[in-house]
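Input: a single structure, listed below in structure tokens.
Any read-out appearing in this document is the output of simple, stated calculations on the displayed coordinates, not a laboratory observation. Worth saying up front: this structure is predicted, and the values here are computed from it rather than measured. As a convention, Cβ positions derive from the backbone with ideal geometry for all residues, glycine included, and neighbour counts pool all protein chains shown.
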Amino acid sequence: MDSAYALNEEKELLRERVVGMANLSTIPITLKHVLEVVENENSSTSDLVKVVEQDQSLATKVLAVANSAFYGYGGRVKSISQAAVILGFNMVRNLAISVSLFDTTDKKAAKFLTGLWRHSFEVASVSALLADRTGLGRKDNAFLAGLISDIGRVILYQIFESEYLDVYGDGGEGVLEREVAAFGATHSEVGAWFAEGFRFQKECSLTIEEHHCPEKLLSSIRSGSHPLVALVYLADVIVSEQKSGSAVDIIISPEHDAIMEAVYLDPESMAEVRAEYLEMANSINSIF
Ligand SMILES: [Fe+2]
């Protein structure tokens with residue numbers, strides 16, 4: 001069989017599996033409950049609140065988002081129903097779907113997924129800071145797009161388990177090529193299929209798909225479209241340059257400077273956002 005044909009077939013099979021995830025018997029139980037509520041047109045926000053409240057780890061994560069620095073309620077949101085008022089039904093829906101994927105009872109998985117959840121939360125916070133500073137894109141959309149930019153890594157892990165950890169290694173240059181060779185697709189593609197399958201906004205799935213190659217959209221970013229792709233990419237760079245290890249996910253674009261310019265950021269303003277992020281790190285530390 002032709003190798004390109006075999007690769008396409010492998011990719012298509014993986015795509016069907018990801019898009020059909022809602023029907024898989026292996027998805028986390030909380031995700032199943034969340035989907036039952038959000039797929040039922042008769043359910044209300046209070047039904048969703050009940051499901052979130054029943055899962056301690058999901059509830060903690062939703063409260064962490066509601067209390068994150070950019071929403072400005074700093075630690076004062078105490079209940080999921082309060083959080084639902086602040087975040088809105090759609091945000092809680094999307095958070096509940098994404099965040100329940102990080103749920104696991106397996107110890108080895110917990111180490112990987114907790115590290116990735118923290119990294120995602122930091123990228124989300126910096127994406128929101130950048131949206132605020134540039135005035136491009138809504139802060140809550142930027143936060144959500146940042147939070148789930150690496151959801152494809154969680155899904156590949158849920159499907160392939162330790163094989164995915166071996167392929168991912170320490171991330172960095174070459175990770176996308178290794179993912180394609182092993183699974184037929186990158187974590188960016190897998191994440192975008194997931195977002196489409198679960199009907200997240202188009203902008204969100206596009207951001208996930210291109211968060212490692214924003215240069216592909218450079219001309220539209222320059223003309224004011226798809227700013228989130230650039231903001232989440234830059235947030236990833238700011239967060240990842242402070243770290244090492246398997247939570248890191250940094251690939252510097254060959255058009256890095258042009259992308260900064262396209263969203264009106266110069267090295268000084270990037271340094272200021274980096275300083276804001278480091279200041280925020282204390283409150284993020286208290287969550288993890
Ligand atoms: Fe990534």
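What net charge do the residues around LEU14 carry, taking every other residue with its C-beta under 12 Å from that of LEU14, with Lys and Arg at +1 and Asp and Glu at -1? Net charge in that neighbourhood comes out at -3. What is the local net charge at LEU113, summed over the other residues whose Cβ is closer than 12 Å to its Cβ (Lys, Arg +1; Asp, Glu -1)? Within the 12 Å Cβ shell, the charges total +2.
Estimated from helical segments only, the mean residue ellipticity of the chain at 222 nm is -21500 deg cm²/dmol, where each DSSP H run of four or more residues counts as -39500 (n - 2.57). Every Cα-Cα pair in the stretch 155-254 was counted, and those over 24 Å apart are 23% of them. The smallest convex shape that holds all Cα atoms of the chain, its convex hull, gives 130 Å³ per residue. Taking Lys and Arg as +1 and Asp and Glu as -1, the other residues whose beta-carbon sits under 13 Å from that of LEU165 total -2.
Among the GluC sites (Glu not before Pro) found in the stretch 142-190, those both in a DSSP coil and sparsely packed, with 11 or fewer other Cβ atoms within 10 Å of their Cβ, are GLU173. Note on ASN90 and THR114: the extension gain reaches 6.2 nm, defined as 0.36 nm multiplied by sequence separation minus the Cα-Cα distance.
On the beta carbon distance between SER225 and LYS139, with R0 = 22 Å, the FRET formula returns roughly 0.75. Taking a point 7 Å out from the Cα of GLN201 in the direction of its Cβ, the residues of the stretch 141-163 whose backbone N falls within less than 18 Å of it are 141-151. Checked against a 26 Å cut-off, the cross-linked pairs LYS11/LYS216; LYS111/LYS216; LYS78/LYS107; LYS11/LYS243 give Cα-Cα distances beyond that limit for LYS111/LYS216; LYS78/LYS107; LYS11/LYS243.
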